[in-house]
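J.: Sending over a structure as structure tokens; questions will come in a sec.
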Amino acid sequence: WKGTEMTVVLNGSGLTIDKLARVARHGEQVELAPVALARIGTCRAMLEEKIQAHEIMYGVNTGIGEFSEIVLNDDQVKDFQKYLIYNHSAGIGDPAPAEYVRGAMVGRINVHAHGNSGCRPVITQTLVAMLNKGVTPFVCQKGSVGACGDLAPMSQIAQLLMGEGRAWYQGELLPGKEAFARAGIPVPGLEARDGLATINGSNLLTAMSALHLHDMDRLLKQAEIACAMTLEALLANLKPYTSQLHELRGFPGAVRSAAAIRRCIEGSDLQTGKIKTKVQDAYSMRSSPQVIGAAHDAVRWAREQVEIELNGVGDNPIFVPEKKLTLTGANFQGSPVSLPMDMAGAALTMVCVLSERRLNRLLNPALSVGLPAFLTKGAGMFSGLMLSQYTADSLIVEQRILSAPASVQSIPAAADQEDFVSMGMNTALKNKQIVENACGVLGIEFMAAAQALDFRDFKKGAGVTAGHAAVREHVAFLDVDRPLHDDHTAMMELVRSCGILEKVEAAVGDLAG
């Protein structure tokens, strides 16, 4: 694993989605702030006093879930953490991608940094060392219900702290003890409270959500570029993009979206009145700022919620050293993240539905303002991009199915002690696929818009020109029919990598204003 020059300092506050992405995806180093380390030490000292005094504390010297009324003796307290991790390591199937696991570890360290979790400082410091040295636990992605936190996946991270489990190190999947030995990380073991303090938060689903929001923001910008390219190709009336129109209604997302689309079209002959346009275009053209803007507003709220969670104390119990208090509650509950993320996933699906309707207008000769049918010069012998629409449609139907909210799907567990759970991991898993499919749908609109622009002979906007050039670096003009699966996949990868976005923003500036 190769870290970068910069360091993200974790102190319990100020952890943004962008910082998390830098560590999770790009290997940036992390540092635990000295003040946070001191807070963790202070809290641990208080907890050890309470253990000595035999004060009954959930999950420290009691069982958990339905067994929370069973009090453990001194000999059982330490071993309990080991068995807690064993019995909660109950996930299933394929491993979560490394960036998700690394993101979960970042989030967990930031919870500990508040000094309310009661674990030993060495536990948090070991998680820091794992990130910085590139030891990434093997974590089954499925198995969490997103309440009491992501217990199953977080337990597979905690196994490493006992020198057990498995982890990747320098591209190799190794037994946990060996991964630690090779990376030069001592195994800290688990003492009272350490295990539960490592697992009792919705950290994996929150990290996944953070990375999805990081991608959604960039996908919405790319939806605006694709829209601008299609608008030029369809000789759109640009009055619906006037800033005053959107300011009069007042939604910030729509104001932002209209400005981004205008910025891409700036400098086009379409703005001058030289080109005849309709008095009023179809909704898929005319209302793009309102629709993409609504998605911006949904993503903005989701971002606020996820960043609150990244910087809050998601744990149970929670210790307040200055008052010598132990508070038991439900700060592990994933609903504050799963509800907005359900909406964000549905919002991205909505934007893709709109993209496909614009694609339809590019391909259908009855709607395309003089463009050749299916954007081919050889209609009949050739079908052009006819089948590209089929592919986009299949991805959208999958997105629609995945847009049913998981946050209302609770199934009770643990003998009805845990009788409402967030199912936030299901939200995160389906959003992963919604994001993936969005890259494909927008890629197909980009491809069709570029093809259509090649049939139009007038000066295009600076952003549209840059977007067209970026597409042409990866996909050639479709002169004669060829298999399109490679082109579709290349476009999906181009959208995922934000290659078009980078070229357009280099030409016209940040589309977010």
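The values are calculated or read from the model by the stated rules, or taken from the named source; none is laboratory data. Predicted model only: the values in this text are computed from it and were never measured. Cβ placement follows ideal geometry from the backbone for every residue including glycine, while neighbour counts extend to all protein chains displayed. The area values use the complete protein model at the heavy-atom level, side chains included, leaving out ligands, DNA and RNA. Shrake-Rupley method; radii C 1.70, N 1.55, O 1.52, S 1.80 Å.
J.: For the range 1-75, what does the relative contact order come out to in percent, with C-alpha contacts under 8 Å and a separation of six or more?
T.: Working: 59 pairs, mean separation 17.5, N = 75.
This gives 23 percent for the range 1-75.
J.: Report the charge-dipole magnitude of the chain in Debye, nearest 20, computed about the Cα centre from +1 at each Lys and Arg Cβ and -1 at each Asp and Glu Cβ. Each step should come with its number before you reach the end.
T.: Details: 47 positive and 54 negative charges, 296 e Å.
Charge dipole of the chain: 1420 debye, to the nearest 20.
J.: With unit charges on the beta carbons (Lys and Arg positive, Asp and Glu negative) and the dipole taken about the Cα centre of the range 368-513, which residue among Ala406, Leu429, Val480 sits farthest to the positive side?
T.: Of Ala406, Leu429, Val480, it is Val480.
J.: What net charge do the residues around Ile265 carry, taking every other residue with its C-beta under 12 Å from that of Ile265, with Lys and Arg at +1 and Asp and Glu at -1?
T.: Working: positive: Arg262, Arg263, Lys459, Lys460; negative: Glu224, Glu232, Glu266, Asp269.
Local net charge: 0.
J.: In the chain, if the dipole is taken from +1 on Lys/Arg beta carbons and -1 on Asp/Glu beta carbons about the Cα centre, which of Pro240, Gln81, Gly143 is farthest to the positive end?
T.: Pro240
J.: Another question, if that's okay. When only C-alpha pairs under 8 Å and at least 6 residues apart count, what is the relative contact order of the range 76-228, in percent?
T.: Details: 245 pairs, mean separation 49.5, N = 153.
Dividing the mean separation by the residue count of the range 76-228 yields 32 percent.
J.: His88 accessible area, nearest 10 Å², 1.4 Å probe?
T.: Surface open to solvent at His88 totals about 30 Å².
J.: While we're on this one: Could you go through the range 159-169 in sequence order and give the Karplus-derived ³J(HN,Hα) for each residue, using 6.51 cos²θ - 1.76 cosθ + 1.60 with θ = phi - 60°, rounded to whole Hz, and x for Gly and Pro?
T.: Values, residue by residue: 4, 4, 5, 9, x, 10, x, 9, 8, 8, 9 Hz.
J.: Give me the net charge of Met154's neighbourhood, meaning all other residues with Cβ under 14 Å from the Cβ of Met154; Lys, Arg count +1, Asp, Glu -1.
T.: Taking every other residue near Met154 into account, the sum is 0.
J.: Let me ask something else. With unit charges on the beta carbons (Lys and Arg positive, Asp and Glu negative) and the dipole taken about the Cα centre of the chain, which residue among Ala490, Ser117, Ala448 sits farthest to the positive side?
T.: With unit charges placed on the Cβ atoms, the residue in question is Ala448.
J.: May I pose another question? Would you calculate a helix-derived [θ] at 222 nm for the chain, using -39,500 (n - 2.57) for each DSSP H run of n ≥ 4 and dividing by the full residue count, to the nearest 500?
T.: Details: 19 runs with 286 residues, N = 513.
Taken over the chain, the calculation gives -18500 deg cm²/dmol.
J.: Could I ask something else about it? Compute, for Lys432, the solvent-accessible surface of its heavy atoms (probe 1.4 Å) with the complete set of protein chains present, and express it in square angstrom to the nearest 10.
T.: For Lys432, the solvent-accessible surface is approximately 80 Å².
J.: I've got another one for you. Calculate one ³J(HN,Hα) per residue across the range 105-116 by plugging θ = phi - 60° into the Karplus curve 6.51 cos²θ - 1.76 cosθ + 1.60, and present them in order as whole Hz with x for glycine and proline.
T.: 5, 4, x, 5, 4, 5, 5, 4, 4, 5, x, 10
J.: So what is the relative contact order of the range 355-414, in percent, for Cα pairs below 8 Å that sit 6 or more residues apart?
T.: On the way: 35 pairs, mean separation 13.1, N = 60.
Relative contact order of the range 355-414: 22 percent.
J.: Count the DSSP beta bridges whose two residues both fall in the chain, then state the antiparallel fraction as a percent rounded to the nearest 5. The partial results should precede the final answer.
T.: Details: 14 of 19 bridges.
Within the chain, antiparallel bridges account for around 75 percent of the total.
J.: Once phi is turned into ³J(HN,Hα) by the Karplus curve 6.51 cos²θ - 1.76 cosθ + 1.60 with θ = phi - 60°, what whole-Hz value does each residue of the range 394-399 show in order, with x for glycine and proline?
T.: Computed from phi, the couplings for the range 394-399 are 5, 5, 5, 4, 4, 4 Hz.
J.: Amide H neighbours of Glu31 under 5 Å, at least 5 residues apart or on other chains, H built in the peptide plane: list them.
T.: Those lying under 5 Å, H to H, from Glu31 are Val8, Val9, Leu10.
J.: Determine which lysines satisfy two conditions relative to Lys274: a Cα distance under 25 Å, and not lying fewer than 8 residues away in the same chain.
T.: Within reach: Lys239, Lys459, Lys460.
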